[in-house]
Every structure is written in C-alpha cells, then in structure tokens.
Amino acid sequence: MSTHYDVQALPAEQREHILRGFGLGWWRQLGQVAIVFGVVLLACWYVGLLDATTLLNGLPSIATLAGEAMPPDFSGYRSWIRPLIDTLAMSIAGTAIAVVFSLVVAFVAARYTAPHPLVFGVARVLLNALRSVPELIMGIIFVAAVGFGALPGVLALGLHSVGMVSKFFAEAIEHVDEAPVEAARAAGASPMQVLLHAVLPQVTPQFADVAIYRWEYNFRASTVMG
C-alpha cells in the first residue's frame with residue numbers, strides 16, 4: 001500500500017527546503033545533460049561530422065562503390081571454404097576459452113563474492129588491462145610466441161574476450177536478488193550450495209546472453225585475425 005505525504009502540511013521552513021532541493025536537483029541534471037551534449041557536439045565537429053559539404057560530396061562515391069559491388073561474384077566460392085572454416089573454428093574456440101576462464105575470474109572480480117578487497121581490486125585492474133589491448137596486438141604477440149596459424153588467433157581472441165566477458169559476468173553476479181541468497185543461508189546452506197542454488201540460477205541467462213554476443217563479436221574479429 002502506497003503512502004502519500006501532504007507537503008503543504010509540513011512546516012514552511014521544511015517545505016521550502018524540500019522544494020529548493022527539487023529545484024537544485026533539476027538544475028544539476030540539466031547542467032549534466034548540457035555538458036554531455038556539448039562534449040558530443042565538440043567531438044562531432046572535431047571529426048568533421050558536422051561538415052555537410054564533405055558528406056554530400058562523398059555520396060556519389062558511395063553510390064558508385066555500391067553499384068560496383070552488386071551483384072556479388074560467387075565464382076570463387078570454393079576458395080572461401082577453408083578460410084570460412086578457420087574463421088568459424090577460431091571464433092568458437094576463442095569464445096569457449098573466454099567463457100571457461102570468466103566463470104572463475106568473474107566470482108573473484110565481483111564485489112560480493114571476492115575473497116578479499118585486494119583480490120577484487122587486482123582482478124578489476126587485470127580485466128581493464130585485458131580490454132585495453134586490441135586483439136590484433138595480442139595476435140601479433142602470440143604469432144611471435146607460437147608461430148603462424150589459427151592458434152595465435154584463438155589465444156588472442158580468448159584472452160581479449162576474458163576481459164569483457166568476466167566484467168559482464170561479475171556485473172551480473174553483483175546484481176542478483178539477495179532474497180534467495182539470504183534464504184539459502186538461513187536454511188544452513190554452505191557457500192558452495194548458495195552459489196549453485198541461489199546465485200547461478202539467477203545469472204545463467206545473462207551469462208548465456210553475454211557468451212552469444214561475444215561469439216558474434218569474435219566471429220567478426222576472426223575474419224581479420226585469420
């Protein structure tokens with residue numbers, strides 16, 4: 001049942017304080033929106049997105065390229081089969097590596113399941129570092145380490161994916177409903193039982209969504225890595 005408060009029934013000083021707070025909050029939000037809009041507008045101007053002349057002059061070239069690309073030429077499709085298999089295998093293997101490692105790292109990088117705040121901080125810094133290095137750079141490093149082939153691409157995709165997948169897994173863990181967790185603890189469940197029966201059932205759908213999305217990303221990235 002909702003409770004309604006009569007602001008007019010409050011003392012004048014308290015009522016004025018509440019109304020002043022609403023006003024300041026509105027102006028603060030308006031200022032934040034203005035700052036974000038200004039930054040976006042400045043970025044668009046800096047990269048030339050606001051230069052209508054350049055954009056309009058490029059339309060004929062885009063139309064020419066689109067016309068030359070149609071219809072597509074499938075005469076050499078036989079030469080695509082092996083690279084397509086390599087791309088598919090690299091994306092699947094890289095995503096599998098990322099998901100397996102992330103299932104462990106995520107619980108260390110989640111605020112409520114990390115064994116110690118220091119471990120939590122180190123895990124988050126490590127994940128940020130993994131996300132900051134492009135998979136192409138990682139691929140070059142692994143080529144120097146293990147040689148040419150699909151393996152360096154798989155390792156690069158997997159390691160880079162751990163940074164993103166673990167972060168989203170950890171965020172999902174931190175936003176679980178506490179009611180089932182508290183109920184399991186009150187029933188005398190061990191930490192592992194709480195994890196298996198109260199946490200994992202809640203985060204499994206999010207884990208699956210993140211894994212599928214990352215596989216789509218890795219499939220695109222593997223076309224370059226391959």
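Computed from the coordinates by the stated procedures, all read-outs in this text should not be read as laboratory data. Only a predicted model underlies this, so the values are computations on that prediction, with no experimental measurement involved. Quick reminder, even Gly has a Cβ in these numbers, built from the backbone with ideal geometry, and neighbours come from all protein chains shown.
Within the chain, the whole DSSP H helices whose Cα atoms reach 24 Å or more along their own axis and whose mean Kyte-Doolittle score is at least -1.0 are 12-46, 52-69, 81-109, 150-174, 200-225. Could you calculate the FRET efficiency of residue 206 with residue 137 from 1/(1 + (r/R0)^6), where r is the beta carbon distance between them and R0 is 30 Å, rounded to 0.05? Step by step, r from the Cβ atoms, then E = 0.55.
Under a Gaussian network description of the chain, with springs only between Cα atoms under 10 Å, the residue in 86, 177, 51 that fluctuates furthest is 51.
Please give the charge dipole size of the range 174-226, origin at the Cα centre, charges +1 on K and R Cβ atoms and -1 on D and E Cβ atoms. Round to the nearest 20 debye. Working shown, then result.
Details: 3 positive and 6 negative charges, 50 e Å.
That gives the range 174-226 a dipole magnitude of about 240 debye.
Think of the chain as a dipole: +1 on every Lys or Arg Cβ, -1 on every Asp or Glu Cβ, centred on the Cα centre; then among 30, 158, 49, 158 lies furthest on the positive end. Between 140, 70, 217, the Cα set farthest toward the positive side of the dipole of the chain (charges on each charged residue's Cβ, about the Cα centre) is that of 140.
Considering only 126, 208, 115, the residue lying farthest towards the positive end of the dipole of the range 82-225 is 126, judged by Cα position with unit charges set on Cβ. For the chain, a crude dipole built from +1 on the beta carbon of Lys and Arg and -1 on the beta carbon of Asp and Glu, taken about the Cα centre, is about 420 debye to the nearest 20.
Within the set (i) 82, 62, 34; (ii) 53, 36, 35; (iii) 52, 45, 37, the number that Cα extents along the principal axes in Å takes when calculated for this structure is listed as (i).
Under the simplified labelling scheme, the residue 186-residue 118 pair shows an inter-label distance of 3.6 nm, with each label point 7 Å from Cα along Cα→Cβ. Amide H contacts of residue 189: none lie under 5 Å away among residues 5 or more positions distant or on a separate chain (H built 1.01 Å from N in the peptide plane; Pro and chain starts excluded). Residues considered: 46, 77, 213. Largest GNM mean-square fluctuation over the chain, using C-alpha springs under 10 Å, is found at 46.
To the nearest 0.05, what FRET efficiency results for residue 39 and residue 89 with a Förster distance of 30 Å applied to their C-beta separation?
On the way: r = 42 Å, r/R0 = 1.40.
Efficiency at R0 = 30 Å is approximately 0.10.
Per-peptide packing, taken as the mean over residues of other Cβ atoms within 10 Å, places 124-133, 111-120, 158-167, 57-66 in the sequence 158-167, 124-133, 111-120, 57-66 from highest down.
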